[in-house]
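Okay, structure first, notes after.
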Amino acid sequence: MKTQSKLLMVALALSGVLGLTACGQEEPAKPVAAANTPAQAPAPVAPVVAPVAAPEPAKVAAPAEVVKAEVMGEKVYATCVGCHGAAGEGGVGPKLQGQTVADLAQKLQVYKAGKEIGPMSSMMIPNATQLSDQDITLVSEYIATLK
Ligand code: HEC
């Protein structure tokens, strides 16, 4: 029992020393840093934060362009509504709703070239010849969103 308690004492003393040494190494470091901080640190700290935040704004531009393209496509489609319906449901002209962008654009290019697709192509050709390639892309993308 005596040997054990002696060992315990030694162990406690050692851990106490180690603990103190550990504290002794850590504690002074903080006060020194803290003491220096108010006078010198503020400048170096700010630049470290800024570069991390910088890359983000570059990606924000895209959604605005998508919205702009949709609005432009809707404008072009305003001239088509009378024959194809506000939702592309069809009327004088065939139903456009549910067709893919590629299909719509391809057909519009055929009409634009003055070629016939169906028996009523003569009604559609004058409308398509007024469209630029960009108009065709935009209006096709818009029509494909109609439900
Ligand atoms: C004067 C009425 C009229 C207007 C305005 C009109 N269209 Fe048409 N459109 C038609 C008719 C009729 C057809 C069918 C032509 C045929 O027989 O090939 C047609 C066909 C189409 C087709 C092919 C559909 C299919 O499934 O074969 C597309 C795409 C189309 N129109 C898009 C448009 C767009 C886009 C506009 C506006 C820029 C427009 N049309 C304006 C009457 C019209």
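Can you give the Kirkwood hydrodynamic radius for region 60-143, in Å, rounded to one decimal and based on Cα pairs?
Final number for the Kirkwood radius of region 60-143 is 13.0 Å.
Show me the ranking of peptides 64-74, 79-89 by mean Cβ neighbours inside 10 Å, starting with the highest.
With the highest mean Cβ count within 10 Å placed first, the list reads 79-89, 64-74.
If you stretched the chain out fully between Met123 and Asp103, how much longer would it get, using 0.36 nm times the residue separation minus the C-alpha to C-alpha distance?
5.3 nm
Take peptides 96-104, 133-141 and line them up by average Cβ neighbours within 10 Å, highest first, as a rough protection proxy.
Top to bottom by mean Cβ count within 10 Å: 133-141, 96-104.
If R0 is 22 Å, what FRET efficiency do you get for Asp133 and Lys75 from their C-beta distance, rounded to 0.05?
0.85
Each reported figure results from applying straightforward, stated rules to the coordinates on display, with no laboratory input. Nothing here was measured: the structure is a model prediction, and the numbers come from that model. Every residue, glycine as well, gets a Cβ built from its backbone with ideal geometry; the counts of neighbours run over all protein chains shown.
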